[in-house]
Amino acid sequence: MTTVRRAVSVVADVADLDHPAAFAGVALPGLARLIGCDLATFTEIDPPKRIRYMDYPEAALSPATYEAFSEFLHQHPLIQHYATARDGMALRMSDVVSRAEFRRLDIYQHAYRPRPTEYLLAVQLPAPGPGTRAFALNRARRDFTDTERDLLNLVRGPLAEGLRRAGARHHAHRALASAPEQRLAALTEREVQVLELVAAGRTNVAIAHTLEVSPRTVAKHLERIYRKLGVGNRAAAVAPLQLASEPDPTLTAPRLTSPVPTRRPAALLSVPSAHSTPEVLPRAFRDVRSSGSRRFRPVGAKSTLSSKALR
């Protein structure tokens, strides 16, 4: 499979997700295949409260290495750079600090050396609030190339959009589930599916592709939905559903202590009904808290790195 096809595959895999909590479990294997690495992680940092992560291959990291990561987070050269640049673009560790400087840091000695990781390529995704949400690819023997860094930058936008759309779809599912029963009683099961996809922001063509029907058939379904609901357009049809749904924290962050839905295999992809039971992800994110004597310091705290090394 060519690099272009692998990149398209990564984007397509996250584009069909129905819940943001399944995002990392789908994206990590794809990125590992696309660029090649010994270890891939997706980490959410919410200083000074907690760090949570998922690794690929599963359980490749010991909890102790991430506890050390938490302890010495204030030293991390890439996180320091992102806090200043605020662009989130893909960067290698070698783009911001020399290998010798990196190896002198406590975070290398206690968090990266045991993995072992000598070379790192990371990219940030938009995160709610002051936190950080990032992928990191790790290697032990050779650095990442300019082409690999550019490739990660290329898929950054589509990955972020896939996560946003997964949140929108989950919001739409919850809205339909909480809508008054009498409002949905007049609709057929297929019409509920169409309305759910409309609430998720999909076009007629996208709905037709998902349901494996023609756009004209979708338009006919919408005509019947408008007539039954007594409305004249898409916005009016879904507005009460959006009002019925309260904000959900899982739109921007995965669940940490309870099972989460996962993506259906492509061959079985279908739109769940408003009352369907979510599928379960085989593994959950791990929650990490600093447990050593050194206090967790927020990003931006004084570092042992010289300012020259970060220029």
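Of all accessible surface on the stretch 22-150 at a 1.4 Å probe, what whole percent is carbon and sulfur?
Details: 2490 of 5040 Å².
With neighbouring chains kept in place, the figure for the stretch 22-150 is 49 percent.
With a Förster radius of 35 Å applied to the beta-carbon distance between Asp150 and Glu223, the computed FRET efficiency rounds to 0.15. Taking label positions 7 Å along the Cα-Cβ direction at both Ala59 and Thr84, the computed distance is 4.1 nm, reported to one decimal.
When a/c reaches 1.5 or more, the comparison of a/b and b/c decides; with that in mind, is the stretch 1-143 rounded, prolate or oblate per its Cα gyration tensor? Each step should come with its number before you reach the end.
Values: a/c = 1.56, a/b = 1.32, b/c = 1.18.
Prolate, since a/c reaches 1.5 and a/b exceeds b/c.
The relative contact order of the stretch 11-124, computed from alpha carbon pairs under 8 Å that lie at least 6 residues apart in sequence, is 20 percent.
The values are calculated or read from the model by the stated rules, or taken from the named source; none is laboratory data. Here the structure is a predicted model, which means the values were calculated and not measured. Note that we place each Cβ from the backbone using ideal geometry, even for glycine, and neighbour counts take in every protein chain shown. For accessibility, only protein heavy atoms count, side chains too; no ligands or nucleic acids. Shrake-Rupley method; radii C 1.70, N 1.55, O 1.52, S 1.80 Å.
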